[in-house]
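Enquirer: Dumping the structure here so I can ask a few things about it.
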Amino acid sequence: MRERFAACYELPAFSLHRAAGVLTEQLARLDQWHVTVADAGDFCHQVEELLRCAAPILVDLAARAGAEPGLPTGGPAEIQARVLRGWPWRWPDMAAQRVLVVGAGVTGLLTAVRCAAAGHRVVVLDRGPVPNPAATSFDQHRALRALHVDDPATTAAAATARRRWSVLEGELGERFRRPVGVVTAVPADAVARSLALAADAGVGLSVPAPGAFAPVAFPDHGVALFEPDGGVLLAERVLRAAVRWLSHHPLVELRPWQPVVDVDTAAPAVTTARGERLRGDVLLVAAGPWSRALVDVPTTLYRQTVVYLRPPEDLADWWETAPCVGGAGPDGRSWLVPPGAGTDLKTSTAAACRAVGSLDDPDDPDHWADVVLRAGALADPDRYRVVAARTCHYAVDAATGAGALTRVGPAAWARAASGGDGFRTAPLVADHIADALAAVPA
């Protein structure tokens, strides 16, 4: 029922006549329903759905017909606000923009949420299911940190992103942050600079007591700094919450299994493998490493191996409340994301990150998993059981070696280079695209 009404209300196919037809059809269907005790609840739910779906028509009709005892009074907008009580459907906004999003990873989904919440129409296309388990952002969890040693701009941006994640929990109606903190090991001569940098960015940072994180191995001359407001993002939970929110929003059209084969950045428009051409007012290509085949953005592709572990029984409780860790291992190049909320302990190292020419380049997964396990991030690694190993890919800007949001047309952007921190910075990309809509003529 929702889909039928949504098709009537959503521009450019807005049709009051068709909406009235759907209303009549659904009323006839309910009128023929022989209600029993077993399905009375379902029937009442269907009636409620019909009233809410048809509210834009019924509210306007009631306002024109005049007030009657017991009915809400006021203009159409006031009546609609009272009747819908937070229901997301409204009359279509003739000034709304149409946003095309290619890629249903975290960047694409959060951009769709941000734009739809602002009243714009959004079409999300993905080459697989939505969410897509093959997406680079589909994972158990990711670290959420702000401190980037000797990099004030990135630290400030990361702190902003962290605040946005907190807001997103409320907007999406899902808890997906574990505020367990983040520990980063830095050289002894960088401690004072890091504390000052964090203070300037409004990031809490302290030096914990020696031995506070005994199960983790740090460089001999490293000093652990604790960021209490950091923690873990439950990545898969984020994606599913965003999809659930989008699937119930009338301005959003999710199109799984529709790979895009061509992008016209000037229009902007996209062409799907089925030959359908879709045009929008704003376009975002955020298909991860697959973006390179659609837009001309110079990137370097990297392959990373991560290993999932199960802690020994006597350390299980400690790890459940342990922070994320960066700068671990003898060389300070390893990191750990703690288990919790049904996730495993995850680890990797920069030594297992290598440049590749394409996603299909041959590799030896067992060798690279062994590189991760021998990196020395854990004080007693032999006591941990290997649960799984995963190979993932990400691209960086060829010139800077970092992530980048690149403008590739008058109203087209590409997140081809997501960088290693693409997940936690996704809300900033979403905000940028939504803000850019204000500059696009209606």
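None of the figures in this text is laboratory data; all of them are computed from the coordinates on show. Just so you know, these numbers come straight off a predicted model, no measurement behind them. Counting neighbours? That spans all protein chains shown, and the Cβs are built from the backbone with ideal geometry, glycine included.
Enquirer: Quick one: of the DSSP bridges fully inside region 101-256, what percent are antiparallel, nearest 5?
Expert: On the way: 12 of 18 bridges.
Of all bridge pairs located within region 101-256, approximately 65 percent are antiparallel.
Enquirer: Per-residue HN-Hα couplings for region 170-182, Karplus 6.51 cos²θ - 1.76 cosθ + 1.60 at θ = phi - 60°, whole Hz, x for Gly and Pro?
Expert: x, 5, 8, x, 8, 8, 9, 10, 10, x, 8, x, 9
Enquirer: How big is the gap, in Å, between the Cα center of region 161-179 and the Cα center of region 335-391?
Expert: If we compute the Cα centre of each part, the gap is 27 Å.
Enquirer: Using amide H atoms built in the peptide plane, which far-off residues or other-chain residues are under 5 Å from residue 223 H to H?
Expert: Under 5 Å from the amide H of residue 223 lie the amide H atoms of 186, 188, each far enough along the sequence or on another chain.
Enquirer: How long is the gain from residue 40 to residue 175 if the chain were fully straight, where each residue apart is worth 0.36 nm and the alpha carbon distance is subtracted?
Expert: Numbers: separation 135, 0.36 × 135 = 48.60 nm, distance 3.35 nm.
Result for the pair: 45.2 nm of gain on full extension.
Enquirer: Sorted by packing (mean other beta-carbon atoms within 10 Å per residue), highest first, where do 314-327, 358-371 land?
Expert: Numbers: 314-327: 18.4, 358-371: 12.8.
Those peptides, ordered most packed to least, come out 314-327, 358-371.
Enquirer: Here's a follow-up. Mark the label point 7 Å from the Cα of residue 350 along Cα→Cβ and return the residues of region 197-238 whose backbone N is within less than 17 Å of it.
Expert: Answer for region 197-238: 218-225.
Enquirer: Between residue 274 and residue 199, what FRET efficiency comes out of the Förster formula 1/(1 + (r/R0)^6) with R0 = 56 Å and r the beta carbon distance, rounded to 0.05? Let's see the in-between values first.
Expert: Details: r = 54 Å, r/R0 = 0.97.
Between residue 199 and residue 274 the formula returns 0.55.
Enquirer: Turning to a different aspect of this structure: For the residue pair residue 407 and residue 364, what label-to-label distance in nm results when each label sits 7 Å from Cα along the Cα-to-beta-carbon direction?
Expert: Spacing of the two 7 Å Cα→Cβ label points: 4.7 nm.
Enquirer: Applying a 10 Å radius around every beta-carbon, put 261-271, 201-211 in order of their mean neighbour count, most first.
Expert: Numbers: 261-271: 17.5, 201-211: 14.2.
Top of the packing list down: 261-271, 201-211.
Enquirer: Check residue 345: other-chain or 5+ apart residues with amide H under 5 Å from its amide H, H built from backbone geometry?
Expert: 309
Enquirer: Give, as ranges by residue number, the residues of region 145-183 whose backbone N falls under 15 Å from the point 7 Å along Cα→Cβ of residue 400.
Expert: Correct set: 151-158.
Enquirer: Here's another thing I want to ask about it. Explain nothing, just compute: Karplus ³J(HN,Hα) = 6.51 cos²θ - 1.76 cosθ + 1.60, θ = phi - 60°, for every residue of region 340-357 in order, whole Hz, x for Gly and Pro.
Expert: x, 6, x, 9, 9, 6, 10, 9, 7, 8, 4, 5, 9, 9, 9, 6, 10, x
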